[in-house]
1. Restricting attention to region 178-191, does a residue exist that is in a helix (DSSP H, G or I), farther than 30 Å from Val28 by Cα, within 24 Å of the chain's Cα centre (by Cα) and modelled with pLDDT of 85 or more?
2. Out of region 116-155, which residues are in contact (Cβ under 8 Å) with a residue 40 or more places away in the chain and closer than 12 Å to Asn197 by Cβ?
3. Which of the residues spanning region 266-285 are loosely packed, with under 15 Cβ neighbours inside 10 Å and either of a type in the set (S, T, N, Q) or in contact (Cβ under 8 Å) with a residue 12 or more places away in the chain (or both)?
4. If you check Asn197 against the conditions, is it polar (S, T, N, Q), surrounded by 17 or more Cβ atoms within 10 Å (Cβ to Cβ) and touching a strand residue (DSSP E or B) at 6+ places or on another chain (Cβ under 9 Å)?
5. Before we move on, is Met136 closer than 30 Å to Pro255 by Cβ and surrounded by 17 or more Cβ atoms within 10 Å (Cβ to Cβ)?
6. When only residues in region 25-44 that are touching a residue at least 12 places away in the same chain (Cβ under 8 Å) and more than 17 Å from the chain's Cα centre (by Cα) count, which is nearest to Ala68 (Cα to Cα)?
7. Quickly run through region 273-311 and pick out the residues that are assigned to a loop (DSSP other than H, G, I, E, B) and modelled with pLDDT under 80.
8. Considering region 250-293 alone, what residues qualify as being among the hydroxyl-bearing types (Ser, Thr, Tyr) and more than 14 Å from the chain's Cα centre (by Cα)?
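The values are calculated or read from the model by the stated rules, or taken from the named source; none is laboratory data. Given the structure is predicted, the values throughout are model-derived calculations rather than measurements. So basically every Cβ, Gly included, is an ideal-geometry build from the backbone, and we count neighbours across all protein chains shown.
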Amino acid sequence: MESGVNTTGEVIPYGGKSAFSQLEHNIVAAYLITAGVISLASNIVVLVMFVKFKELRNATNAIIINLAFTDIGVAGIGYPMSAASDLHGSWKFGYTGCQIYAALNIFFGMASIGLLTVVAIDRYLTICRPDIGQKMTTRSYTLLILAAWLNAVFWSSMPVVGWAGYAPDPTGATCTINWRNNDAGFVSYTMAVIAVNFLIPLSMMFYCYYSVSVTMKRYKASNRLDSINMDWSDQMDVTKMSIVMIVMFLVAWSPYSIVCLWASFGDPRKIPAPMAIIGPLFAKSSTFYNPCIYVIANKKFRRAITGMLRCQTRQRITINNQVPMTISQLPLTQ
């Protein structure tokens, strides 16, 4: 019989007793359904904008398009399966479904982190190192985006082939990395993932956005703001935006990382079930706040969304600004 492992280390069948009551499962399911609808709607709007407005199809925004696809992947696949299981009271898709669900969630999550890092690199090169940024081509951006996806493929496939593993969590209604079996394989995998997909990206984002804020202040002091890329700083101070990006990254992924670290160096049986479910839920939350941070805060996108909601024609909407374009703003056909 297909089976998993409960919090005491005992083997239990998939669909066995959960650590949550049915009421708690229903609450989680309600959250997942609501978040899923919001995520799908907001990210589909983002993609529709790119289809409708050719002016938005540039190298920088290509990263955001890929980010929207990762969010749609989690919202369209991860949320429904998990919500259905919560309503059922336990995982209802068996061993194979568990492996597919967990692998896809890790895949889209790792891809999202990688793409957020690429966004930070793009902002840094465009604003702080225009000498390098101006040499970036469509091929350069394509390689960076591809690297983010390939990195996600590698880390999400490792538990499937035997490095660590996937299994239901203590709630019994969702699947993730089997941190309850904290053997050498799990510990090494967890340490590698946290280093490569959390600490390094966080350090890079912090450095990039800190450098951007310093550069912006320097340009502002010398009245040279019109010589750099202003696509994000039109409506929001870059320093505040940088802090929001870093804080939200930490909010989304810190709980999940803490659970994995606890399981690696402590007793996984002592990890409370609520904390075990909060980690994945927080990580998934990026699917509905990403459009707000990376799209709605952009003046061009806000104008396009307003025009779409008002059913205006494309000719009646002006989404271009008057700032000279850097290579990251040039059309992808360049």
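1. The first filter runs over region 178-191 and keeps only residues in a helix (DSSP H, G or I), leaving 184-191.
Those still in the list that are farther than 30 Å from Val28 by Cα too: 184-185, 188.
If we keep only those that are within 24 Å of the chain's Cα centre (by Cα) too, we end up with 188.
Checking which are modelled with pLDDT of 85 or more leaves us with 188.
So far as region 178-191 goes, yes, one or more of its residues are in a helix (DSSP H, G or I), farther than 30 Å from Val28 by Cα, within 24 Å of the chain's Cα centre (by Cα) and modelled with pLDDT of 85 or more.
2. Leu116, Thr117, Ala148, Asn151, Ala152, Trp155
3. Of all residues in region 266-285, those loosely packed, with under 15 Cβ neighbours inside 10 Å come to 266-267, 269-270, 272, 274-275.
Scanning region 266-285 gives Arg269, Met275.
4. Numbers: polar (S, T, N, Q): yes; surrounded by 17 or more Cβ atoms within 10 Å (Cβ to Cβ): yes; touching a strand residue (DSSP E or B) at 6+ places or on another chain (Cβ under 9 Å): no.
So Asn197 does not fit the description; no.
5. Numbers: closer than 30 Å to Pro255 by Cβ: no; surrounded by 17 or more Cβ atoms within 10 Å (Cβ to Cβ): yes.
It is false that Met136 is closer than 30 Å to Pro255 by Cβ and surrounded by 17 or more Cβ atoms within 10 Å (Cβ to Cβ).
6. Ile33
7. The initial filter retains those residues of region 273-311 that are assigned to a loop (DSSP other than H, G, I, E, B), namely 285, 297-298, 310-311.
Across region 273-311, the qualifying residues are Ala297, Asn298, Arg310, Cys311.
8. Hits for region 250-293 are Ser257, Ser264.
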